[in-house]
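Notes follow the structure.
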Amino acid sequence: MITLARREFHLFQAAGRDFLYLVPSAAVFGLDDTTSAVLRIVTEQTRADEAVITALSDRFEAPAVRAAISELLQVRAIGYEQVGDGRLNDPSGLPSPAAPRILPMMPFPLSTMVLNVTNQCNLACTYCYEYGEDKIVDTEHGKQSKFMTEETARQSVEFLLAESSRIAHLTFFGGETLLNFPVLRSTIAYARQRAAELGKEIDFSLTTNATLLRPEIIEFLADNNVGVTISIDGPRELQNKFRVFHNGAGSYDTVAPKIKELLRRHRSRPIGARVTLTSETIDVTRIYRHLTEELGFWEVGFAPVTTSPNQQYAIGEGGFDRMLDQFRALAHEFLGEVAANRHHGFSNVKDTLEEIHKGVSKAYPCGAGLGLLGVSTDGDVALCHRFAGSDAHKLGTVRDGIDRGAQAAFLEQHHIADKTDCSRCWARPLCSGGCYHEAHVRYGTTRHPNLHYCEWIRGWTDTCLQIYGELSERNPDFLARFDRDEAKAEAAL
């Protein structure tokens, strides 16, 4: 007998109705009462079409139920199953094909290059992945230069412009990026000139701990429209817990006035804060309030610390639960503000909403090794900035170009299809196993999915889907902005 059975989806509720997140396609559908009833009854038990119609006959007319079944079949929320052999069939009775294992077409254009202009830092943050116990590159006694030269920076620009499409993004990173401000300044001038000569556009940004934001540097960043992200962990006692100078002194009193001056002067682009959460600093709401209301940041993004599990500051299972509760509370605050057409700066939820709206379904967790590459101080090209200088994660050099064989091997080995633990997870379109660097630190290989935070990811994705469903009813124009932004980007190409 042929019966109807559920396929891969995640059911969630928002705005007083059921919504469906289809896993293979990453599409979101709002369900009417009839379709919702059909889906629920098929999920409870496989049934033939007529059995479904009969079971719902006291609530819905047969034509409406048949139409709902047809719609759910079309979007592959349900499918036909041959009872007895377990084969899942499409409506024509033929076996459903396995999801295609599609690799990117090569060469893939490089959109973002992260330039590590120095691997040195004037802070000694306890949890730092570059200088702490979990580091994978020896930045003190290793072979890599401590500072990038102007020549290597120019070669990196030529590499980026050669590998990019019409628009390229250049991000400066460290260590503490501003320790090599002279090279940063000359590189921006050179890159802007070369991009104009080649008929391309180039955009600039950097990450800094804010300790070196002198007036002349702030003026330069503002005058050159450089995007700025500040690494800061919140109020004084939280900032000074881990983000300290080499003598152990806290950095808050040094950076706070400099940040305020940067925010006062640099208004051409929103300035964001990037917070590292640890087992001892998970007061998300308090941190957000301080950074937005007292310091004046436009947006704030949070990330759990990347570290091996035996470190004291590592976030354990209970910590992830606490973090999720606080993320949810701040996300619902975001919903209230945005539904009323007011700004809210919780960038984690905004970024996830954009991915949901655009139907993102990732074969890889991020653009590392593909549309994003990191460059070490000596010009070696790596998966991303966190691996810059690591021979084991090298994909070429800015002088010789990308090693296409190494890149192809990396993409082949890291496809979501090879992460068996992820194969049945409904959140895989947005996660795809998680950060490569996190996996390397936790499990010793970039190929391992980050199983230690699976429940956190599923919980957070469900929350963002609920926020998305609510906004689709209460302020759809907010979501439409993502379409308009994408259209502008495509027009620029």
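The values are calculated or read from the model by the stated rules, or taken from the named source; none is laboratory data. Note that the structure is predicted; figures quoted are calculated from it, not measured. Cβ coordinates were reconstructed from backbone atoms using ideal geometry, including for glycine residues, and neighbour counts include every protein chain displayed. Ligands, DNA and RNA are stripped out before the accessible areas are found, and what is left, the full protein with its side chains, is counted by its heavy atoms. Shrake-Rupley method; radii C 1.70, N 1.55, O 1.52, S 1.80 Å.
Just the residues that are touching a Pro at 6+ places or on another chain (Cβ under 9 Å) and either surrounded by fewer than 19 Cβ atoms within 10 Å (Cβ to Cβ) or at pLDDT below 95 (or both), please, taken from the stretch 268-282.
If we filter the stretch 268-282 for residues that are touching a Pro at 6+ places or on another chain (Cβ under 9 Å), which is where we start, we get 276-278, 282.
Result: Ile282, single match.
Kindly indicate whether any position in the stretch 50-63 is more than 23 Å from Ala14 (Cα to Cα), within 42 Å of the chain's Cα centre (by Cα) and open to solvent by 60 Å² or more (accessible area, probe 1.4 Å).
no
Hey, does the stretch 13-21 have a residue that's under 16 Å from Glu473 (Cα atoms), open to solvent by 60 Å² or more (accessible area, probe 1.4 Å) and not basic (Lys, Arg)?
Within the stretch 13-21, one or more residues are under 16 Å from Glu473 (Cα atoms), open to solvent by 60 Å² or more (accessible area, probe 1.4 Å) and not basic (Lys, Arg).
For residues that are touching a Phe, Trp or Tyr at 6+ places or on another chain (Cβ under 7 Å) and either hydrophobic (A, V, I, L, M, F, W, C) or open to solvent by 10 Å² or more (accessible area, probe 1.4 Å) (or both), tally how many sit in the stretch 239-255.
Taking the stretch 239-255 as the starting set, the residues that turn out to be touching a Phe, Trp or Tyr at 6+ places or on another chain (Cβ under 7 Å) are 239-240, 242, 251.
Next, from what is left, pick out any that are either hydrophobic (A, V, I, L, M, F, W, C) or open to solvent by 10 Å² or more (accessible area, probe 1.4 Å) (or both): 240, 242.
Total meeting the criteria: 2.
Could you list, in sequence order, the residues of the stretch 336-348 that are open to solvent by less than 10 Å² (accessible area, probe 1.4 Å) and under 13 Å from Phe478 (Cα atoms)? Spell out how you get there, then give the answer.
Kept after step one, since they are open to solvent by less than 10 Å² (accessible area, probe 1.4 Å), are these residues of the stretch 336-348: 338, 345-346.
Hit for the stretch 336-348 is Val338, nothing else.
Being assigned to a loop (DSSP other than H, G, I, E, B), at pLDDT below 95 and more than 22 Å from the chain's Cα centre (by Cα), is that true of even one residue in the stretch 147-156?
no
Taking interchain pairs and intrachain pairs at least six residues apart, which have beta carbon atoms under 8 angstrom, with the first residue in the stretch 256-267 and open to solvent by less than 70 Å² (accessible area, probe 1.4 Å) and the second among the hydroxyl-bearing types (Ser, Thr, Tyr) and not in a helix (DSSP H, G or I)?
Lys258/Thr211
Say whether the condition of being in a helix (DSSP H, G or I), touching a Gly at 6+ places or on another chain (Cβ under 7 Å), over 18 Å from Val349 (Cβ atoms) and open to solvent by 20 Å² or more (accessible area, probe 1.4 Å) is met by at least one residue in the stretch 306-319.
Within the stretch 306-319, not a single residue is in a helix (DSSP H, G or I), touching a Gly at 6+ places or on another chain (Cβ under 7 Å), over 18 Å from Val349 (Cβ atoms) and open to solvent by 20 Å² or more (accessible area, probe 1.4 Å).
Within the stretch 451-466, can one find any residue that is of a type in the set (Ser, Thr, Tyr), touching a residue at least 24 places away in the same chain (Cβ under 8 Å), open to solvent by 20 Å² or more (accessible area, probe 1.4 Å) and assigned to a helix (DSSP H, G or I)?
Narrowing the stretch 451-466 to residues of a type in the set (Ser, Thr, Tyr): 453, 461, 463.
Pick out the ones that are also touching a residue at least 24 places away in the same chain (Cβ under 8 Å) and you get 453, 461, 463.
Going one step further and asking which of them are open to solvent by 20 Å² or more (accessible area, probe 1.4 Å), we end up with 453.
Filter once more, keeping what is assigned to a helix (DSSP H, G or I): 453.
Taking every residue of the stretch 451-466 in turn, at least one turns out to be of a type in the set (Ser, Thr, Tyr), touching a residue at least 24 places away in the same chain (Cβ under 8 Å), open to solvent by 20 Å² or more (accessible area, probe 1.4 Å) and assigned to a helix (DSSP H, G or I).
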